[in-house]
Amino acid sequence: MSETPSSEGSSAEPNQETAAPARPAIVLNGTPVAPGLVLGVVHRKDYELSRGAVERVPLDQVERELNRFHQALSHARAQLTRLKSSLAGKVAKDDARILDVHVAYLKDSVFISDVENLILEEQLSLEAAIGKVISDFDRIFRLVQNETLRERAVDLRDVGIRVLRHLEKDVDAPVEGKAMPANYVLVARELSIVDMFNLSGTQVLGILTESGGLTSHAAILARSMRVPTITGIEKLLEHVREGDFVILDASEGLVRVNPDEVIVAQFRQAADDLAKVAGVGPTTRAELSPRTQDGEAIHVAASCGNLPEVDQALAGGMREIGLYRTELMYLVDKSEPTRDALAKHYASVLDAAHGGAVTFRLLHADSGLEISYLHERREQNPALGRAGVRALLSRERVLRRQLQALLVAGAGAPDGEERVRIALPFVTDCGELRRVKEILFEERLELRKAGEPHLDRCEIGVVVETPAAALGARDLAREADFLLVSLDSLQQHLLATDRENAELAGTFESLHPLVLRALRDIVRAAHAESKPLAVFGVTAVQPVNVPFLLGLGVRAFCVAPTSAEEFVKWVAGTSLRQAKRSAEVAAAASAPSETTSLVDSVRHGYGAR
């Protein structure tokens, strides 16, 4: 983590929500756990187990302490039972079962007897006894380099704090005379389940912590509940006070503390835009089923990269996730995610999709992303080096783990074999497709031997984005179950032009005639082999390009949820007959300058009639 003095100006009270005194605005960063964007007031919960470490009770009070202990255990178990019931339908069933682990710890004979012995033999108060037992467990488990034992330490700590909370008269008492906010951003030392839920009607908008693993039970629940969360923020409790106003951007892993009014206004608008899309539930929003002016139906699926985007897609009437980018889980931590962590995340995506199909694109990462277990060093030209399936085949262990996770996740989803599709990125030829199929077969055998439920079959497709794949589209269409065209990448590689180069930005304003020819051949290859084809990318949803794509025969698109509504309008305003003529003329040109008048007519709406 680094702490950056903000250039956003000195802190001011952006609105009435901010009660904190004016202090310099700062930007903190950490590791995203669950993506999202929220703005709100801070409420700190930095409970320390050592509070009661030296308290002792008279001998005649020992029986009272024991009775308090068993009453608190009973109350805590009842609370967890109610909490699990309240989460039904809100989080994945497997994730909700995490609370069963806590119930089990509340009945654990070792935990109970250790606390009782400290009360009986050392006459420690109940609070002190619980604090000592949990601290001892915590210290022992953290000395062991074992993630499972570390997780047990965190769970035991949560259980201890939950019991202690039942012993306090007012666990959420106002701090320094301030009333507790109704809705707040939770700031804590450790990512903990005990502080994630409030039965008093308050709402946790987001979570910020100094520590806590990405695969911990609390992290899993945060992702399942879609609560924006960032962990690993060094010195968080030193920099953030009760009542501070923060902007939590969990997609980027950034926290802006006490920003000025201009910054708040900008981010509030962004958050409001996301809320408008997510606020219209799928039961009140008709399914997107756009048609051209001629009545031709066009299929629109969602292109997503995290759970909030899946929610937005479903809320906006999109019933299928045509492309789910799986990179997030590999970018939020330096260590490789476990198979179980990946499987839980993919299961959450399937659960969020509410029965719709999901196409998971395998990890697409070049050496520029500096994923150490995938690339030893940064290559001289990352974009043309070991990327996509090429990188995965060079590190089969990473590929096998991801494939197993998808097979396991799909087995737990209703109609998983019909809903889970796997897309291979950055494919060059059929050899890569065949090898992945072989590995997938081998991983099914391993799961079968281990007796683990898994998908017996799922569709495997390819992402066409390299010139070689475009030239070999007919071969790929014969062996793949479906084709996805990454139009941005395809155009970049065909034209040997860097999209990030500002001086060449004009090259991407409309599709180059030679790119249109290549795409026409890909569409024809898919149709000849009767294989589904969809196109995705920023270029694919630009208004000037939509008629050309429809005219070439593209009938399925993967669109970002925020772009879907505008995209549907452009489709509805397009005459397919005119679009076919425009596409033929554009593809026949030998240079972009020859299609300038045609592009202008489309841009101004004339070519769409």
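Only one of A525, A583 is assigned to a helix (DSSP H, G or I) and either outside the structural domain of L323 (by TED's automatic domain parsing) or more than 25 Å from A468 (Cα to Cα) (or both). Can you tell me which?
When all the criteria are applied, what remains is A583.
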Original post:
If you go through the stretch 94-114 one residue at a time, do you hit one that is at pLDDT below 80, on the phi > 0 side of the Ramachandran plot and under 25 Å from the mean Cα position of the chain (by Cα)?
Top reply: no
Subject >> Unique residue being in contact with a helix residue (DSSP H, G or I) (Cβ under 8 Å, 6 or more places away or on another chain) and more than 19 Å from L323 (Cβ to Cβ) when the list is R386, R397 >> reply: R386
Original post:
Residues in the stretch 525-552 that are under 14 Å from H512 (Cα atoms) and within 28 Å of the chain's Cα centre (by Cα): how many?
Top reply: 3
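To keep it simple, each residue is scored yes or no on (1) among the polar types (S, T, N, Q); (2) modelled with pLDDT of 90 or more; (3) more than 30 Å from P24 (Cβ to Cβ).
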| position | (1), (2), (3) |
| --- | --- |
| D249 | no, no, no |
| V255 | no, yes, no |
| A271 | no, no, no |
| I298 | no, yes, yes |
| S303 | yes, yes, yes |
| D311 | no, no, yes |
**OP:** Collect the residues in the stretch 563-581 that are crowded, with 23+ Cβ neighbours inside 10 Å and of a type in the set (S, T, Y), keeping them in residue-number order.
**Re:** T574
**OP:** Inspect all residues belonging to the stretch 415-427 and state whether any of them is surrounded by fewer than 19 Cβ atoms within 10 Å (Cβ to Cβ) and either closer than 15 Å to Y330 by Cα or not assigned by TED's automatic domain parsing to the domain that holds V485 (or both).
**Re:** no
Original post:
Which condition number in (1) surrounded by fewer than 19 Cβ atoms within 10 Å (Cβ to Cβ); (2) within 21 Å of V485 (Cα to Cα) is the one that V585 fails?
Top reply: (2)
Original post:
If the Cβ limit is 7 Å and pairs must be 6+ apart or interchain, which residue in the stretch 423-445 that is of a type in the set (S, T, Y) pairs with which residue that is buried (at least 18 other Cβ atoms within 10 Å of the Cβ) and at pLDDT 95 or above?
Top reply: T428/T466; T428/A469
Subject >> Any hit, the stretch 413-426, residues being over 25 Å from R386 (Cα atoms) and modelled with pLDDT of 95 or more >> reply: yes
Original post:
under 19 Å from H70 (Cα atoms), surrounded by fewer than 19 Cβ atoms within 10 Å (Cβ to Cβ) and at pLDDT below 80, is that true of L143?
Top reply: no
**OP:** Look through V535, V559, V523 and report the one residue that is closer than 28 Å to R319 by Cβ, modelled with pLDDT of 90 or more, β-branched (V, I, T) and in contact with a Ser or Thr (Cβ under 8 Å, 6 or more places away or on another chain).
**Re:** V559
**OP:** Considering only the stretch 401-435, state which residues are of a type in the set (V, I, T) and within 19 Å of V358 (Cα to Cα).
**Re:** V408, V420, I422
Original post:
If E459 satisfies every condition in (1) touching a residue at least 60 places away in the same chain (Cβ under 8 Å); (2) surrounded by fewer than 21 Cβ atoms within 10 Å (Cβ to Cβ); (3) at negative phi but one, which is the exception?
Top reply: (1)
Subject >> Flag for V240 being over 15 Å from the mean Cα position of the chain (by Cα), β-branched (V, I, T) and at pLDDT 80 or above >> reply: yes
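The values are calculated or read from the model by the stated rules, or taken from the named source; none is laboratory data. In this text, all values refer to a predicted model and were calculated from it rather than measured experimentally. Ideal geometry is used to build each Cβ from the backbone, glycine not excepted, and the neighbour counts take in all protein chains shown.
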